[in-house]
Amino acid sequence: MNVKPGWLLLLSISAGVWSIQFVVNNPVLYNPLLQDTGLYYDRYLREVIEVLETDPHFREKLQTANTEDIKNGRLSKELDLVSHHVRTRLDELKRQEVSRLRMLLKAKLDSTNIQTLQMDHASLLKQFEHLDPHNQNTFEAKDLELLISTATKDLENYDAERHEEFKRYEMLKEHERREYLKSLDQEKREREEKRMQELKEKHRQHPKVNAPGSVAQLREVWEETDGLDPQEFNPKTFFKLHDTNEDDVLDEQELEALFTKELEKVYDPKNEEDDMMEMEEERLRMREHFMKNVDANKDRLVSLEEFLKSTEKKEFNNPKEWETLDTKPAYTEEELQRFEVELRDKEEELKRKAENLRQEQELLKERGKALEAQRREYQQVTVPPHLYHLKLDRKSAACESYRGQTLVRINSTTSIQPVKAPAEHEGEVRNNLPAEPPQNLPLHT
């Protein structure tokens, strides 16, 4: 299926950083759960796109739509002209999404112990920007407009969030390194510091890394990955070779695959000194650098025209050497100090919560002991069924057995012990007892 690059922006939104090609006519190939943008409304987003792709009118409009038509919401006005069964399916998808969001809200309120007599769903749903909260039953043009604009905005922030997560990862790694060294005596600490420094230097001793998108970098892929003669390098042929889904654009996934050869110069999962998290951050930096220089219309896709124009620039043949992550730290010392303060605050909070849980556990234990004591007290005053007809003496906690066979004594531990009746009292006991046990006596004394 070949569609215009403008619609591919929406398709790339639906797959996030890892763009995919929709194969709507083959349900075996298309599985919405195979790719995940990381957005909390990811599945809803991709299911809406899949349904819209099945409408002939909407598909026709997509052929003539440009990127701006999609991004500014003009395309959403065509929703009024789609077929009835498509609108019905979209209505159903929206109701399912609203129901899911209600469950999320309820779980959030339950976790914060907020008790509400009546939940105002319309007001609470306003915090979700990807649908119209005032109309919870039908999918309208405004819903499509909100869905596209929200996803575009969220994914623009996605790379920034990944950079921030990596920075926190690096700071945590340095914090743990320092704490580990503090736990060692001076001799061991000096030895460990020397070993760590040697690993760092070893990591830095890697071959030169070509700038992403430069002629040297592309020729290397052409020769080593594609197995072609570097002297016959052709940008147009290169583009066609690496447009793996044949949609006439290079998406972010296809671009990042081009940088694998450069990354292998620096990172090897078998080496202790190489961190694979750093490799993925390096890959992201390379892709951003490539996009900055090539993606002229900022639609997160590279067309053939954009690619060929980039090969005419001065930087294509004479680029600056690529600076890898080991040339400069991902954070400052001040940022690390603030991060460590944050860690200490969180640790103190966890300690307070742990202490509260310990106190609650102690209270539960005390309550359990009280309940156990109460249970034993009830057992002490309970008469066993085979003693219903006996006359108990509570003061002496003793009784006489039925028909003079034995005396039964209830001791302080509620155990019942049979005692042989003295011979001289055996007849007396027999004469004083009724011939038949009385009926309907109370179960307890």
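When 244, 54 are arranged by Cβ crowding within 10 Å, least crowded first, meaning fewest neighbours, the order is 244, 54.
Which order do 249, 381, 266 fall in if you start with the one that has the fewest other Cβ atoms within 10 Å?
Working: 249 24, 381 11, 266 19.
In increasing order of surrounding Cβ atoms, one gets 381, 266, 249.
Full extension of the chain between residue 323 and residue 40 gives 98.4 nm of extra length, using 0.36 nm per residue less the Cα-Cα distance. Summing Lys and Arg as +1 and Asp and Glu as -1 over all other residues whose Cβ lies under 12 Å from the Cβ of residue 371 gives a net charge of +2. Close amide H contacts of residue 322 (hydrogens built in the peptide plane, cut-off under 5 Å, sequence separation of 5 or more or a different chain): 209, 211. By the beta-carbon count within 10 Å of each Cβ, the least crowded to most crowded order of 147, 104, 79, fewest first, is 104, 79, 147. For the stretch 147-229, a/c is not less than 1.5, where a ≥ b ≥ c are the root eigenvalues of the C-alpha gyration tensor, and a/b does not top b/c. That puts it in the oblate class. First measure r as the distance between the Cβ atoms of residue 185 and residue 340, then evaluate 1/(1 + (r/R0)^6) with R0 = 25 Å and state the FRET efficiency to the nearest 0.05. So, using R0 = 25 Å, E works out to roughly 0.60.
The numbers here are math on the coordinates, done by the rules we state, and not lab data. Owing to the predicted nature of the structure, the values given are computational and were not obtained by experimental measurement. No Cβ is skipped: glycine too gets one built from the backbone with ideal geometry, and neighbour counts run over all protein chains shown.
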